[in-house]
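Take a look at the structure set out below.
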Amino acid sequence: MALVTMKELLPDARRRHYCVAAFDVSNYEMARNVVDVAAEEKAPVILMGLKNDLVNGGLSYLSSICRIAAQSVPVPVAVHLDHAVDFDLIKNVIDAGFTSVMFDGSTLPFDENAAKTKEVCDYAHARGITVEAELGHVTTAILGSGGMGETGLLDENNLDDPDEYLTNPTDVERFVAITKVDALAVAVGTVHGVYVHKPKMHFDRLRDIEAISKAPLVLHGGSGTPDDDIRKCVELGVTKINIFSEILCAYNTALKDTLDHLENLSSWPCVTFDAANKAQREMIRRKIRLFGGNGKA
């Protein structure tokens, strides 16, 4: 199926009260695992790339992998740039064939975030590309966890009060009106990376934001968030949830077990990585079903 933009996915999710699963992928195996499971589950899905995997020549490789993977399955797939703070990188990934980008100005003052987000939206929209922005700031439990370094994320352990970085509902309408952003990531209690304590979710705040926002809502920090909290977020209108750490953990745990028991270290990769890919696929499947995306394509 042809590649799609997030604007072709998220409004339907909002209308039908489900959530599109979005997975950061770093290589061929991850991209294929996501789209193969999405096809089996008849679910729309989003493949995402992070700066760490796109620099030093990685962009052309990962872009090609994701676009080929997307076009090989009969379900809609968007290819999205996650957590970009560099406008030049955004321009490069658009040229490389991504259908969606995120500009993360969430650590900036409101006016600067809005102005820079608008600049990205003007550029991307003129080329048929959708844009996600962030208002408030989703912090990181362990800085660099899950490959999230160099993306402008703040370590919650170094903040006096992480709740000060939650999205303010009174800012939402003005931000969306100024920027014309297609999707809005909000901070309502989740964090990136691996949780060191149970998240404190602010569902009343999420309810207020959804009632105000003209843009579909996105939740970052989906990995490790309790299932009941995820279901409540979807019920309250979240249309896209990002996952990375949990599919990495599933893969690496199974791979470690294989390597611990592998007698012949010259085994073919299809043997060495078989259990790891299966474990990752089952985690992908679990998330798609938890978000209610199965059967929606």
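Observations, loosely collected:
- Residues that are within 23 Å of residue 190 (Cβ to Cβ) number at least 1 in the following helices (runs of 4 or more DSSP H) confined to region 240-297: 245-261, 274-291.
- If you go through region 1-22 and pick out every residue that is part of a helix (DSSP H, G or I) and either at positive phi or surrounded by 23 or more Cβ atoms within 10 Å (Cβ to Cβ) (or both), you end up with 3.
- Among (1) at pLDDT 95 or above; (2) open to solvent by 20 Å² or more (accessible area, probe 1.4 Å); (3) touching a Leu at 6+ places or on another chain (Cβ under 9 Å) - the single one residue 294 does not satisfy: (3)
- Filtering 84, 114, 133 for residues that are under 25 Å from residue 171 (Cα atoms), surrounded by fewer than 23 Cβ atoms within 10 Å (Cβ to Cβ) and in contact with a strand residue (DSSP E or B) (Cβ under 9 Å, 6 or more places away or on another chain) leaves a single hit, 114.
- Positions within region 79-128 being more than 15 Å from residue 63 (Cα to Cα) and either part of a strand (DSSP E or B) or among the β-branched types (Val, Ile, Thr) (or both), in sequence order: 83, 84, 85, 102, 103, 107, 117, 120
- Flag for residue 246 being in contact with a Gly (Cβ under 7 Å, 6 or more places away or on another chain) and closer than 28 Å to residue 205 by Cα: yes
- Annotation: of all residues in region 26-68 being small (Gly, Ala, Ser) and open to solvent by 10 Å² or more (accessible area, probe 1.4 Å), the one that is farthest from the chain's Cα centre (by Cα) is 57.
The values are calculated or read from the model by the stated rules, or taken from the named source; none is laboratory data. Nothing here was measured: the structure is a model prediction, and the numbers come from that model. Neighbour counts are summed over all protein chains in view; Cβ atoms, including those assigned to glycine, are modelled from backbone coordinates with ideal geometry. Accessible surface areas use protein heavy atoms only, side chains included; no ligands, DNA or RNA. Shrake-Rupley method; radii C 1.70, N 1.55, O 1.52, S 1.80 Å.
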